[in-house]
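A.B. asks: Below: one structure in structure tokens.
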Amino acid sequence: MATIAMFCDRETKQRARWCAFRPGLRLVKLCIVFMLGLAPWGLSAVAAPTAEQRVQDVSDRVLALIEEARGYAQEDPERFYREFTAILDPAVDFDAFARSVMAVHFRAATAEQRRRFADSFKWGLVRTYALALTEFSNGTIRIVPNSKPTQNKRLQSVRMEVTTPSGNVYPVQYAMALGGDGEWRVRNIIVNGVNMGLTYRNQFAGAMKDPANGGSLDKVIDGWSNMLKEEAEELEDTLSSGGAEAGAR
């Protein structure tokens, strides 16, 4: 995936070192699908939903959106990106997610560096995998009831099981936080045992230690951003080629 594979340069050894963190494209595509399940569709204007209710409330609509976008995403990707971004913005606390990824380096970063990284992080999730979502269809999503009451009422863990058309079942766990506005937002996600936030954090820390970056936050952020753009273009080309081949059959 783009963010996990950042800074894989043309040298084979360095590429192998950075790409060793990849959890797999299919897994990350599922992550984005699950994040979409936190979008604020169909929520009651009277009472704020619980974290589980928010996820359950929108799962069917998420799958419907994917089906709808399949008809226009390749011809009008910018439209899909806009709709995708509009969904993720209120559902994911990108600033908190990015802050967690930067970890100890967040304090040393300037306000401008923090903003650039958060924007790059968000751009990567949206741009790189938006079109890949159109490959997900006919899957089922089930919320797994939480049998253990949480101690912190502002932090919740929501468990989900996603079954793909092939029958594979992926356990998912959201780490959600209640904002000051009374809305639940995702701050981390664990898919099939892979802690995405921790994986991103390890990748960022490794980049900061890389002699090629000299401990420069600007170089690390720029490298992250550049790799996202390259892999987004590659993914778009791959999906476009696949669509063309399917149409030729």
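A.B. asks: Which pairs do you get when a residue that is within 16 Å of Val92 (Cα to Cα), found in region 114-142, comes within reach of a residue that is part of a helix (DSSP H, G or I) and modelled with pLDDT of 85 or more, reach meaning Cβ atoms under 6 angstrom, with the pair 6+ apart or on two chains?
C.D. replies: Matching pairs, first to second residue: Phe117/Ala98; Phe117/Ile221; Ala118/Phe94; Ala118/Asp95; Ala118/Ala98; Ser120/Trp224; Phe121/Ala98; Lys122/Phe94.
A.B. asks: Go through region 158-201 residue by residue and tally those that are of a type in the set (S, T, N, Q) and more than 19 Å from the chain's Cα centre (by Cα).
C.D. replies: If we filter region 158-201 for residues that are of a type in the set (S, T, N, Q), which is where we start, we get 163-164, 166, 168, 173, 188, 192, 195, 199.
Among the residues that remain, those that are also more than 19 Å from the chain's Cα centre (by Cα) are: 166, 168.
Number satisfying all stated conditions: 2.
A.B. asks: What about Ala91, is it modelled with pLDDT of 75 or more and hydrophobic (A, V, I, L, M, F, W, C)?
C.D. replies: On the way: modelled with pLDDT of 75 or more: yes; hydrophobic (A, V, I, L, M, F, W, C): yes.
The answer is yes for Ala91.
A.B. asks: Next question. List the number of the failed condition for Glu161; all other conditions in (1) surrounded by 13 or more Cβ atoms within 10 Å (Cβ to Cβ); (2) touching a residue at least 12 places away in the same chain (Cβ under 8 Å); (3) within 24 Å of Ala118 (Cβ to Cβ) hold.
C.D. replies: Answer for Glu161: the failing condition is (3).
A.B. asks: How many residues, within region 185-218, are part of a loop (DSSP other than H, G, I, E, B) and of a type in the set (S, T, N, Q)?
C.D. replies: Step one: of region 185-218, the residues part of a loop (DSSP other than H, G, I, E, B) are 192-193, 210-216.
Filter once more, keeping what is of a type in the set (S, T, N, Q): 192, 213, 216.
Final tally of qualifying residues: 3.
A.B. asks: Hey, another quick one. Any chance region 168-178 includes a residue that's in a loop (DSSP other than H, G, I, E, B) and in contact (Cβ under 8 Å) with a residue 40 or more places away in the chain?
C.D. replies: no
A.B. asks: Follow-up question, since we're still on this one. Return only the number of the condition from (1) outside any loop (DSSP other than H, G, I, E, B); (2) touching a Gly at 6+ places or on another chain (Cβ under 7 Å) that Pro165 does not satisfy.
C.D. replies: Failing condition for Pro165: (1).
A.B. asks: Any residue at all in region 39-51 that is modelled with pLDDT under 85, in contact with a strand residue (DSSP E or B) (Cβ under 6 Å, 6 or more places away or on another chain) and within 14 Å of Trp184 (Cα to Cα)? Step through it out loud before you land on a result.
C.D. replies: Of all residues in region 39-51, those modelled with pLDDT under 85 come to 39-51.
Imposing the further condition that a residue be in contact with a strand residue (DSSP E or B) (Cβ under 6 Å, 6 or more places away or on another chain) reduces the set to 51.
When the remaining residues are screened for being within 14 Å of Trp184 (Cα to Cα), the result is 51.
Looking through region 39-51, at least one residue is modelled with pLDDT under 85, in contact with a strand residue (DSSP E or B) (Cβ under 6 Å, 6 or more places away or on another chain) and within 14 Å of Trp184 (Cα to Cα).
A.B. asks: Related question: Checking the structure you have, find out if any residue of region 229-242 is surrounded by 13 or more Cβ atoms within 10 Å (Cβ to Cβ) and modelled with pLDDT of 75 or more.
C.D. replies: For region 229-242, residues surrounded by 13 or more Cβ atoms within 10 Å (Cβ to Cβ) and modelled with pLDDT of 75 or more: present.
The values are calculated or read from the model by the stated rules, or taken from the named source; none is laboratory data. Nothing here was measured: the structure is a model prediction, and the numbers come from that model. Neighbour counts are summed over all protein chains in view; Cβ atoms, including those assigned to glycine, are modelled from backbone coordinates with ideal geometry.
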